[in-house]
Amino acid sequence: MEPLVIATKAPWPPIDGGRRLLWNTLEGLAAEGVRATLVAPVDPERFDLREAAAALVAVCKPRLVPARPAGASRALLGAVGGRPWTIARHALAAVRREVERLLAERTFAVVHAEQLQALRQAEPARLRGVPVVLRAQNVESDLWRGAARTAGGVKEWLLGVETRRLVRYEGRAVARAERTLALTERDAHRLRELAGGRGRVQVIAAPFPAQLPPSGSPLPGEPAVVLLEGSGWLPNRDGATWFVREVWPRVRAELPRAELHLFGGSSGGEADEGVHLHPAPVDSAAAFPPGSVLVVPLGIASGARIKVLEAWARGVPVAGTPEALAGLEVRDGVEALVARDAEGFAVALARLAREPGLAASLVEGGRAALATRHDPRRLARELVSIYDSVSAGKSR
């Protein structure tokens, strides 16, 4: 079994949740003796293609393409006939040509499209009768709908148009795929609704190792509070802005020596407010230093927060909103602290600072969840079983 995996971005370096998820998946497959062929674009202005390929050889057979998503104007031109803008943005001709070359060179039993945006690049396989498995890292239309609600004005209208297009596109995609894989039961239920009961949706949790080494470099603050904003998605920015403006003053009033470390964004914080701005880390470990606390203040979320899984693996306790922790089967006070509003975050961080053993207990609970629900090798075996099933079904 050699699956062909098509992605919207190479998983090396694993600097965000989507890349880390795909890296862990390929690593788990390789550990089970399955070396996938990976086709993915690499933005040559941001990353070194040869370096990425050299790293990926350890977990797959990389076929990386120097390309990047289309700019806004080009993507809008491509969004004709009701096609969603985000789909047009990732419809890269160079990636599709590489897929066509590979299909002409050899036979693949199954094609794995990583995310909805990669599905168009898998069309040459579908036309040849090769079964296509779609892994939906989240429910795209729900994310855009949530972003539209918080945007306001013209932006709200534009995001609403994109949402309606995605609802139709996502539903058809799930109906046409031989199998759709969701990361959570909640996402699976929603994808079935979008497809009108057509297609087949299964749940396979996000793979993640139970333990990873910490960065080894503590950050200032008692406690040091870490928030991973990133600049690429509106809900992340909105959550970070809300935390800095509404939550952080309450935390500082309760814990004057606390320091907030905001990675990958600039949500209005200044050093004299106890807020430190950091660039997006090249190595994700830098954002999970020993002695820190991860906060995840999302109001809109889908899929599974890979940053929460990484925090557990690196020994960092987590406080997050119910939306951020949804789908991970988190129990308040066992694997993480659930904070429903600004006061809830202030109370959660005060508890972690003042209750001996609470942080260690939450990490222990999180690592137990990783071991039981997110084991990469067990999930890789489940994935291979699905590949075998759809391949056998298509050959009959």
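The values are calculated or read from the model by the stated rules, or taken from the named source; none is laboratory data. All figures in this text were calculated on a predicted structure; none of them were measured in a lab. Note that we place each Cβ from the backbone using ideal geometry, even for glycine, and neighbour counts take in every protein chain shown. Side chains included, ligands, DNA and RNA excluded: accessible areas come from the protein's heavy atoms. Shrake-Rupley method; radii C 1.70, N 1.55, O 1.52, S 1.80 Å.
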Checklist outcome for this item: Expressed per residue, the solvent accessible area of the chain in Å² (1.4 Å probe) is about 42
Next on the checklist: Quick test of the membrane-span-like rule: which DSSP H helices of the chain reach at least 27 Å along their long axis (C-alpha atoms) with mean Kyte hydropathy at least -0.5?
Outcome noted: 153-176, 376-395
Checklist entry - What number, in percent, do you get for the relative contact order of the chain if the mean sequence gap of Cα pairs under 8 Å and at least 6 apart is divided by its residue count? => result 16
Checklist outcome for this item: Counting only protein heavy atoms with a 1.4 Å probe and every protein chain in place, the carbon and sulfur fraction of the accessible surface of the stretch 99-141 in whole percent equals 43
Checklist entry - Using helices alone, what [θ] at 222 nm do you get for the chain, with -39,500 (n - 2.57) per DSSP H run of 4 or more residues, divided over all residues and rounded to the nearest 500? => result -13500 deg cm²/dmol
Checklist entry - Is the stretch 84-167 best put as rounded, prolate or oblate by its Cα gyration tensor, with a ≥ b ≥ c the root eigenvalues, rounded for a/c under 1.5, and otherwise prolate when a/b is larger than b/c, oblate when not? => result prolate
Checklist outcome for this item: Env charge @ residue 23, Cβ radius under 12 Å, K,R +1 / D,E -1, value -1
Checklist entry - With +1 on each Lys and Arg Cβ and -1 on each Asp and Glu Cβ, how big is the dipole of the chain about its Cα centre, in debye rounded to the nearest 20? => result 1800
Checklist outcome for this item: If unit charges are put on Cβ atoms (+1 for Lys and Arg, -1 for Asp and Glu) and the dipole of the stretch 86-241 is taken about its Cα centre, the option from 195, 153, 163 lying farthest towards the positive end turns out to be 195
Next on the checklist: Sequence gap at least 6, Cα distance under 8 Å: using those rules, report the relative contact order of the stretch 132-279 to the nearest whole percent.
Outcome noted: 17
Next on the checklist: Can you list residues from other chains, or at least 5 along the same chain, whose modelled amide H is less than 5 Å from the amide H of residue 261?
Outcome noted: 225, 226, 227, 276
Checklist entry - Leaving out ligands, DNA and RNA, what percent of the accessible area of the stretch 248-396 is carbon and sulfur, probe 1.4 Å? => result 51
Next on the checklist: Need one word for the stretch 255-359: rounded, prolate or oblate. Basis is the Cα gyration tensor (sqrt eigenvalues a ≥ b ≥ c); a/c below 1.5 gives rounded, then a/b vs b/c decides.
Outcome noted: rounded
Next on the checklist: Tell me whether the stretch 106-244 comes out rounded, prolate or oblate; compute the Cα gyration tensor, take square roots of the eigenvalues as a ≥ b ≥ c, and use a/c under 1.5 as the rounded threshold.
Outcome noted: oblate
